[in-house]
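Have a look at the structure below before the remarks.
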């Protein structure tokens with residue numbers, strides 16, 4: 001099977017389509033699927049167009065969706081909303097509120113004046129009813145594992161800010177809370193910390209690729225000094241987050257497996 005793999009589109013539909021077209025996705029007449037490693041919305045302004053595209057692929061069984069931390073933020077927002085407390089600072093800074101407005105056709109004023117109406121509309125939206133429920137914690141092929149942040153592992157923080165990562169043998173069977181935490185892990189740091197799956201390559205998103213290029217290859221900086229946002233390839237890892245809000249591009253790779 002041929003897989004077109006991307007991550008962290010964050011509502012930038014034009015950049016996403018450009019990446020797919022450059023790789024030949026739309027012209028491919030052979031069996032293939034698109035894999036999106038989480039974080040579909042938030043930050044970009046084309047949530048509706050992107051959602052319609054993904055819904056069409058879901059109907060045709062041509063897409064595999066991996067759940068990201070921004071999907072978790074959307075559900076957290078909805079849960080808080082239903083308890084009467086939804087205007088959290090991190091939902092603004094991460095773009096969750098903006099996505100709610102785009103997908104429901106609401107305005108910031110509506111959020112203040114008619115919050116219950118907006119909340120009910122968001123609850124009924126296909127993002128909540130169809131897209132997120134179709135998402136997986138991970139998807140595995142003979143040679144690859146697709147996740148958002150990383151596979152569940154034990155993260156030990158230190159005063160030097162150099163985290164220690166400890167492999168969990170039976171990570172596939174970890175509970176919901178472990179997967180919630182794993183979606184926030186910097187996969188490049190975890191891989192270099194020794195948490196990899198023997199005989200497999202883990203493909204992830206979540207953390208800007210320039211981190212790996214800057215810290216492990218000495219290529220530019222993370223956000224200045226000519227940062228490199230192209231896919232990062234390391235031992236047991238391929239990272240794909242292009243930090244589209246900054247780079248104005250979406251990474252896409254082709255995997256045959």
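Only one of these is in contact with a helix residue (DSSP H, G or I) (Cβ under 7 Å, 6 or more places away or on another chain), surrounded by fewer than 17 Cβ atoms within 10 Å (Cβ to Cβ), in contact (Cβ under 8 Å) with a residue 12 or more places away in the chain and at negative phi: 232, 216, 165. Name it.
Working: 232 fails: surrounded by fewer than 17 Cβ atoms within 10 Å (Cβ to Cβ); 165 fails: surrounded by fewer than 17 Cβ atoms within 10 Å (Cβ to Cβ).
None of the other options fit; the residue is 216.
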Looking at 27, 47, which is the one that is in contact (Cβ under 8 Å) with a residue 24 or more places away in the chain and over 21 Å from residue 149 (Cα atoms)? 47
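Quick one: which helices (runs of 4 or more DSSP H) lie wholly within segment 182-257 and hold at least 1 residues that are in contact with a strand residue (DSSP E or B) (Cβ under 9 Å, 6 or more places away or on another chain)?
Values: elements: 187-192, 210-216, 244-247.
It comes to 187-192, 210-216.
Just checking, which of 124, 109 is under 24 Å from the mean Cα position of the chain (by Cα), at negative phi and surrounded by fewer than 16 Cβ atoms within 10 Å (Cβ to Cβ)?
On the way: 109 fails: under 24 Å from the mean Cα position of the chain (by Cα).
Only one candidate qualifies: 124.
Anything in segment 168-183 that is surrounded by 12 or more Cβ atoms within 10 Å (Cβ to Cβ) and within 21 Å of residue 201 (Cβ to Cβ)? List them, or say none. Spell out the reasoning first.
Kept after step one, since they are surrounded by 12 or more Cβ atoms within 10 Å (Cβ to Cβ), are these residues of segment 168-183: 168, 171-172, 174, 178-183.
Passing the criteria: 168, 171, 172, 174, 179, 182, 183.
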Looking only at segment 16-43, count how many residues are in a helix (DSSP H, G or I), buried (at least 20 other Cβ atoms within 10 Å of the Cβ) and touching a helix residue (DSSP H, G or I) at 6+ places or on another chain (Cβ under 9 Å). 1
For segment 144-162, which residues satisfy the criterion of being surrounded by 14 or more Cβ atoms within 10 Å (Cβ to Cβ) and in a loop (DSSP other than H, G, I, E, B)? 147, 148, 149, 150, 151, 152
Go through segment 67-104 and give me each residue that's in contact (Cβ under 8 Å) with a residue 40 or more places away in the chain, in a loop (DSSP other than H, G, I, E, B) and more than 20 Å from residue 206 (Cβ to Cβ). none
Looking at this structure, is residue 141 surrounded by fewer than 20 Cβ atoms within 10 Å (Cβ to Cβ), touching a residue at least 24 places away in the same chain (Cβ under 8 Å) and more than 29 Å from residue 43 (Cα to Cα)? yes
Among the candidates 227, 231, single out the residue that is farther than 28 Å from residue 31 by Cα and at pLDDT 95 or above. 227
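The values are calculated or read from the model by the stated rules, or taken from the named source; none is laboratory data. Quick caveat, the model's predicted, so the values are computed rather than measured. Note that we place each Cβ from the backbone using ideal geometry, even for glycine, and neighbour counts take in every protein chain shown.
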